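*Asks:* Got a structure for you, written out below as C-alpha cells; questions coming shortly.
Values in this text are rule-based calculations from the coordinates and carry no lab data. Please read all numbers here as calculations on a predicted model, not as lab measurements. Glycine gets a Cβ as well: all are built from the backbone with ideal geometry, and neighbour counts include every protein chain shown.
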Amino acid sequence: MVIDGDLSTVDWRSHVGDRVSIPGELVVVDTHNLLRWGEVKVARDRLFIPTDHIDPNDADPSQNASTGGSNVAAVTAAQRRNDNAAIVLDDGFTDQNIFPPRLFPELGGGLETVRIGSVVDGVSGDVQTRGKTVVLVPDAPLAWTPAERPARPALGEPALSVACFNVLNFFTTIDDGSNDARGADSEAELERQQDKLVAAILAMQADVIGLMELENNEDAEQRLVAALNTKLGQNLFTACGLPAGFRSAPGGRDAIRVGIIYRSDRVSPVADVGMIVDSAFGQARAPLVQSFTTASSSRPFTVIVNHFKSKGGSDEADEANTDRRDGQGAYNAVRRSQALAICSFLDELQQDQPDARVLVIGDFNAYAQEDPLDALRAAGLVDLQERFGRSGGGGINTYSYIYYGQSGSLDHAFATESMAADVTGIATWHINADEPRALDYNQEYNPEALYEASPFRSSDHDPVLIGIAQ
C-alpha cells in the first residue's frame, strides 16, 4: 500500500500487519530512542508545539491577553494533528543499545550525528506494534540526508553580547542514587559534562551569560568559571555569586538556581549582584539581577536571569495550577504570577530610572504564545525574538527545546524599549535540542565513540544569544 500526502490522516492501527511504502521525503522529528531502542520518529515536516504559535486566548497571536481561553479549540486541533502526524521507524528488534544503529549504520563511522531535521527519503516496510505504539519497520537501512550542524549565528555588529543557557543540572555533588543530586553520577561524568559546557560557553563568545540549572551552591558556578579560565589560560571569566540573604528569599532553597558569569576584560559589574524577592518565586528559582558597564561606555545595562516553574508535577498542583488542557501544562498560573512579579520589579526600577536598559532572559518554561509571555509583552517589554523575526526568518520556526518530537521555545529574551533600541540581533543557536541524547556526557547507554568535548549536546536546551551596541 502506498501512503501519500499528510500522515496525520492515516489510521496506522488499521494497517498493522500490512506492508506499506511512503514515497517522498520525511523529516526526523525525534531521536530520543535512537541509540537505546533503534527508533526514530518522522513526519512530513518539523512539528511545533501548538502554543509556540497559537495563542490560547487570542485568535490573533499578536494580541497579548493572558487570561480567557477563547482560542483553546485551535490549540487542541493543532495538538491532535501533531499527535497523528508522525510515525515511529523501528529497526525491528527488541534488543537494546545496538551501535551503530541498524537504521543508520554510518553513525560513528565518519558520521557523528543524526540531527532532528535530517531528511529520510522513500521508506518501505511492515507496520507492526511495539507495546501500545504502532511502528513502521523499514526493509533496509534508511536512505537519508543529514541535517548540518549550524555555525554560531550572526548578531549584526554588536559591541558585546549576552547569552542565556540552561546547563542541564550542572551539579558538583555526585548523584549516588539517594542524595537528590540531579547531574553526573561519577567524577568521570562530571568531567565530561564540564568539558562540553566549557566548549559551548566559549563558542558562544558572549560577554555576559545567564545560567539556569546550576546546583544551588556556589561550588558549581565557581568550578565552571575555573574550568573556563583554565581552558583560556587566563582569568577572564568571573562569577557574580549570590546576594546576601539568598537562601531565605522565595525560591532561594530550590535544588537548582540561576547564575550570572561574565568576561571581566569586557564588562564590569555595577555594585553587587541582587535578586527579586517576591512570593511568586516560592515555587521556582529566585531571579538574579546584575548591572554592568563597559570600558567604552558609562551607560549601564542590567540583566535579570530567570528560571520559571516547570510544567511538570500536575498531580501535586493546587486547583489553580492543574493542567487545564489548554496547551500550557501545569502551573501556568504560577508562571504568570512570576512574569507579573518581574513586571512589578521593573515598574519600581523605572520610577527612578525611566530609561533603564534592562534585559530579561532565561528559561521561562513557557512557549511563545503562552500567558506568562503575553503578560510580559502586555506590560511593555519587547519580545526580542518577535521583533527581530523568530530564528531570523519570521513565522514559527524558532525553538530551543524539543519535547516528544515537538519543537518550541522555552528560552526567551525580553528588553525594555531603551535596551531594545541597542540590540543588534538575537538568535537561538541550535547546538543541543536537535542532537541525539546519546551524544551527551552520560556514560550509561551512550557509545563511547560518540562522545566529544564539543558544544553539541552539552545540554538539552539551545542557548539564546543577544548582540548589543554599546
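*Asks:* Over all directions, the average projected area of the alpha-carbon convex hull for the chain comes to how many nm²?
*Replies:* Its average projected convex-hull area is 22.4 nm².
*Asks:* Then there's this: Taking amide hydrogens as modeled 1.01 Å from N in the peptide plane, which residues meet the under 5 Å criterion relative to Leu160, leaving out close sequence neighbours?
*Replies:* Ile468, Gln470
*Asks:* Using a/c under 1.5 as the rounded threshold, could you call the range 1-129 rounded, prolate or oblate? The axes a ≥ b ≥ c are square roots of the C-alpha gyration tensor eigenvalues, and prolate needs a/b larger than b/c, oblate otherwise.
*Replies:* prolate
*Asks:* Take each of the peptides 197-210, 343-356, average the number of other beta-carbon atoms within 10 Å over its residues, and list them starting from the highest.
*Replies:* 197-210, 343-356
*Asks:* Here is a follow-up. When ranked by the protection proxy of mean other Cβ atoms within 10 Å per residue, highest first, what sequence do the peptides 162-171, 45-54 form?
*Replies:* Final packing ranking: 162-171, 45-54.
*Asks:* If you don't mind, there's one more thing I want to ask. Between the helical axis of 72-84 and the dominant principal axis of the chain, each derived from Cα atoms, what acute angle in degrees is found, rounded to the nearest 10?
*Replies:* In the chain, helix 72-84 runs at an angle near 50 degrees to the longest axis.
*Asks:* How much net charge surrounds Ser8 when only the other residues with a Cβ under 11 Å from the Cβ of Ser8 are counted, with Lys and Arg +1 and Asp and Glu -1?
*Replies:* -1
*Asks:* Sticking with this one: List the equivalent ellipsoid semi-axes of the range 226-277 in whole Å, largest first, each obtained as the square root of 5λ for an eigenvalue λ of the Cα gyration tensor.
*Replies:* One finds semi-axes of 25, 14, 7 Å for the range 226-277.
*Asks:* OK, next. In what sequence, highest mean first, do 31-37, 441-447 appear when ranked by Cβ atoms within 10 angstrom?
*Replies:* 31-37, 441-447
*Asks:* With equal scatterers on the alpha carbons only and no solvent term, can you work out the Debye log10 of I(q)/I(0) for the range 272-312 at 0.15 1/Å?
*Replies:* -0.46
*Asks:* Can you give me the angle between helix 187-204 and the longest principal axis of the chain, using Cα atoms only, in degrees from 0 to 90, rounded to the nearest 10?
*Replies:* So the inclination is approximately 70 degrees.
*Asks:* Now, a different point. Report, to two decimal places, the Cα Rg of the range 220-314 normalised by 2.2 N^0.38 Å (N = number of residues).
*Replies:* It is 1.20.
*Asks:* Can you check what the Kirkwood hydrodynamic radius comes to for the range 410-460, Cα pairs only, in Å to one decimal?
*Replies:* 13.4
*Asks:* When a footprinting reagent is the concern and you count Cβ atoms within 10 Å, what order do Thr133, Thr428 take, fewest first?
*Replies:* By the 10 Å Cβ count, ascending: Thr133, Thr428.
*Asks:* Restricting to DSSP H runs of at least four residues, report the calculated mean residue ellipticity at 222 nm for the chain, -39500 (n - 2.57) per run over all residues, nearest 500 deg cm²/dmol.
*Replies:* So the helix-based figure for the chain works out to -5500 deg cm²/dmol.
*Asks:* Please report, largest first and rounded to whole Å, the three semi-axes of the ellipsoid equivalent to the range 165-293, where each semi-axis is the square root of five times an eigenvalue of the C-alpha gyration tensor.
*Replies:* Its equivalent ellipsoid spans semi-axes of 22, 22, 10 Å.
*Asks:* How much length, in nm to one decimal, is gained on full extension between Ser310 and Cys343, taken as 0.36 nm per residue of separation minus their Cα-Cα distance?
*Replies:* Here the segment from Ser310 to Cys343 would lengthen by 9.9 nm.
*Asks:* Please work out whether the range 294-444 counts as rounded, prolate or oblate from its C-alpha gyration tensor, where a ≥ b ≥ c are the square roots of the eigenvalues and a/c under 1.5 means rounded, while otherwise a/b larger than b/c means prolate and anything else oblate?
*Replies:* oblate
*Asks:* Test of the criteria: in the range 97-203, which GluC sites (Glu not before Pro) are in a DSSP loop and have at most 11 other Cβ atoms within 10 angstrom of their Cβ?
*Replies:* For GluC sites (Glu not before Pro) across the range 97-203 that sit outside H, G, I, E and B with at most 11 neighbouring Cβ atoms in 10 Å, the list reads Glu148.
*Asks:* Right, here's the next one. For the range 382-470, how big is Rg over Rh, using alpha carbon atoms and the Kirkwood form of Rh?
*Replies:* Radius of gyration relative to Kirkwood radius: 1.08.
*Asks:* Rounding to the nearest 10 and keeping the result within 0 to 90°, find how far the Cα-based axis of helix 219-232 lies from the longest principal axis of the chain.
*Replies:* 80
*Asks:* A further question on this structure: Measuring from a point 7 Å past the Cα of Asp352 along Cα-to-C-beta, which residues in the range 294-312 have an amide N at less than 17 Å?
*Replies:* Residues 300-304 fall inside that zone.
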